[in-house]
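Report on one structure; see the data block that follows.
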Amino acid sequence: MFKKGVVPSQGLRIIIVGCGKVGRTLVEQLGKEGHDITIVDKNRERISQVSNIYDVMGIAGNGASYKILQEAGIDDADLIIAVTGSDELNLLCCTIATQVGNCAAIARVRTPEYSQEAKYLRDKLGLALIINPELEAAIEMAHILHLPSSLEVTNFAHGQAQLIKYEIPEGSILDGTKLMDLGTRHHANILIGAVERDDEVTIPSGDFVLRKGDKLSFVGERRHTKEFFSHIGVNTHSVKNTLIIGGGKAAYYLAKQLISRGIKVKIIENSFERCEELSILLPDAVIINGDGTEQALLKEEGIETCQSFVPLTGIDEENIMLTLYAKQVSINSLDLGSVISPKYITSEAIIAYVRAKKNSMNCNIETLYHMYDSRVEAIEFFVSENSNVTDIPLRDLKLKKHLLICFINRNGKIIIPTGNDCIQKNDTVMIITTHTGFTNLQDIME
């Protein structure tokens, strides 16, 4: 057992089993939010390292052992999160924890067969969440390749609204446009929620003037986001083909997404055995056995002419180098600015659940998304009861600074709000803010 830091008492008691990339990210993110965290991992050295860096309690051992879970405090825990490299171990940890303790349980499950049964497993085993980071990352990548001019595409309101990140290029008609003029000049039924300029992020007002090089995040109904891109002369056509380097789970899930959308997929994978598996799993994809980091092979397989390129080798540094090379040799001027991290997608889903669980008021977090290196949060709340923010025109609400109400979803209709609109019971409301840690919609008030 390793040392434990002093943590505010209002936080939840959380056990995290597994200290890989996702486990560490969760320790870092949930630690910032004031929760009492205990980590469990078989690797004693890893436990020692993480517990010292983040000042949390650490226990070396098998997270599926009743004795180890007792030592970790399962009797008093509010939540257990199992994110080891084994799906079976994660499910077993959570099952034992829910049987012996009175806590909620979240399991990371990555195997395709289990993912297809996620709802059944969740219900039968009594789990709060089953999360597949590679699948979620693949869905996000597919959204970007479907709208290739964007840097990020995130769905809200069950897919009816989108949050899109876009960098204003040289010569864009947006350069020099004041936000209050967007609607009249560019027929924009969207709302710009955040802008990054020279490494500074702003929640802009109507007087803000856009400039080339700005990275802006805008929100709108799905059909209106495409219309906005069309009005400003940006390509809205989905790519027709993609080259994926690496044939792991993320590549499989992405290929499935793209093929279903009519996009041709080629995968380069080093392992011959894995290539054989992928050929059976993905009969409509072209599978190449070879080293995807070799420039000669990349040229031979069409990197110079492909419309999109996705390195998924599992090694971040290798992916970055491949991306830079692809940008250098491509004749299609690939926009390769999108960086999607499964570990952050996982942590966002879990943090959203934790904040909702911590919150005792009648308002739940539906979606949480970190933007601009976690300096900005986009949060979608469900309003289950009337409160001091409902049935009052937005212009009359005393809102915190550095915060914007981006849309109201009312019975499936996305409303880009004006000062005359009101939040009502049963709405979902999406905000963007530089504040962190909101657990309730009423946190938007001063």
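Remarks
- Close contacts from region 41-55, counting a first residue that is closer than 14 Å to Leu26 by Cα and a second that is outside any helix (DSSP H, G or I) and open to solvent by 90 Å² or more (accessible area, probe 1.4 Å), with Cβ to Cβ under 7 Å and a gap of 6+ residues or different chains, come to Ser51/Lys3.
- When residues in region 153-185 are screened for being in contact with an Asp or Glu (Cβ under 9 Å, 6 or more places away or on another chain), more than 29 Å from Asn411 (Cα to Cα) and among the hydrophobic types (A, V, I, L, M, F, W, C), 2 of them pass.
- For Ser279, the test of being part of a helix (DSSP H, G or I), more than 22 Å from the chain's Cα centre (by Cα) and small (Gly, Ala, Ser) is passed.
- Within region 104-126, the set of residues being out of contact with any Lys or Arg (no Cβ under 8 Å at 6 or more places or on another chain) and buried (at least 17 other Cβ atoms within 10 Å of the Cβ) comprises Ala105, Ile106, Ala107, Arg108, Val109, Tyr114, Ser115, Ala118, Leu121, Arg122.
- Exactly one residue among Glu317, Glu304 is among the charged types (D, E, K, R) and at pLDDT 80 or above, and that residue is Glu304.
- Looking only at region 72-88, and only at residues there that are under 17 Å from Arg46 (Cβ atoms) and in contact (Cβ under 8 Å) with a residue 60 or more places away in the chain, the one that is surrounded by the most Cβ atoms within 10 Å (Cβ to Cβ): Ile81
- Conditions (1) of a type outside the set (A, V, I, L, M); (2) touching a helix residue (DSSP H, G or I) at 6+ places or on another chain (Cβ under 6 Å); (3) free of Cβ contacts under 8 Å to residues at least 60 places away in the same chain: number failed by Asn420: (2)
- Per-region count, region 106-117, residues over 20 Å from Ala60 (Cα atoms) and without any contact (Cβ under 8 Å) to a residue 60 or more places away in the chain: 6
- Annotation: Gln162 fulfils all but one of (1) under 24 Å from the mean Cα position of the chain (by Cα); (2) in a helix (DSSP H, G or I); (3) closer than 30 Å to Thr236 by Cβ; the unmet one is (2).
- Every residue from region 421-440 that is among the β-branched types (Val, Ile, Thr) and either open to solvent by 10 Å² or more (accessible area, probe 1.4 Å) or closer than 14 Å to Val383 by Cβ (or both): Ile423, Thr428, Val429, Ile431, Thr434, Thr436, Thr439
- Ile345 vs. criteria among the hydrophobic types (A, V, I, L, M, F, W, C), on the phi < 0 side of the Ramachandran plot and open to solvent by 50 Å² or more (accessible area, probe 1.4 Å): no
- Residue match in region 178-194 (condition: hydroxyl-bearing (Ser, Thr, Tyr) and open to solvent by less than 50 Å² (accessible area, probe 1.4 Å)): no
- Selection of region 130-143 for residues being touching a Lys or Arg at 6+ places or on another chain (Cβ under 7 Å) and open to solvent by 30 Å² or more (accessible area, probe 1.4 Å) yields only Ile130.
- For Ile268, the conditions (1) under 20 Å from Glu318 (Cβ atoms); (2) open to solvent by less than 10 Å² (accessible area, probe 1.4 Å); (3) in a helix (DSSP H, G or I) are fulfilled apart from (3).
- Helices (runs of 4 or more DSSP H) completely within region 50-129 that count 3 or more residues being modelled with pLDDT under 90: 112-116, 118-125
- Residue check, Lys4 open to solvent by 40 Å² or more (accessible area, probe 1.4 Å), within 22 Å of the chain's Cα centre (by Cα) and modelled with pLDDT under 95: no
- Scan of region 281-311 for residues that are more than 25 Å from His143 (Cα to Cα) and either out of contact with any strand residue (DSSP E or B) (no Cβ under 9 Å at 6 or more places or on another chain) or of a type in the set (Asp, Glu) (or both), ordered by number: Asp291, Glu294, Gln295, Ala296, Lys299, Glu300
- Summed over region 197-218, residues that are open to solvent by 30 Å² or more (accessible area, probe 1.4 Å) and either within 16 Å of Pro169 (Cα to Cα) or among the acidic types (Asp, Glu) (or both) total 10.
Matching residues to (1) open to solvent by 40 Å² or more (accessible area, probe 1.4 Å); (2) at pLDDT 95 or above; (3) on the phi > 0 side of the Ramachandran plot:
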| position | (1), (2), (3) |
| --- | --- |
| Thr367 | no, no, no |
| Asp373 | yes, no, yes |
| Leu403 | no, yes, no |
| Phe407 | no, yes, no |
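The values are calculated or read from the model by the stated rules, or taken from the named source; none is laboratory data. Not measured: the values here are computed from a predicted model. So basically every Cβ, Gly included, is an ideal-geometry build from the backbone, and we count neighbours across all protein chains shown. Quick note on the areas: whole protein, heavy atoms, side chains included, nothing else; ligands and nucleic acids left out. Shrake-Rupley method; radii C 1.70, N 1.55, O 1.52, S 1.80 Å.
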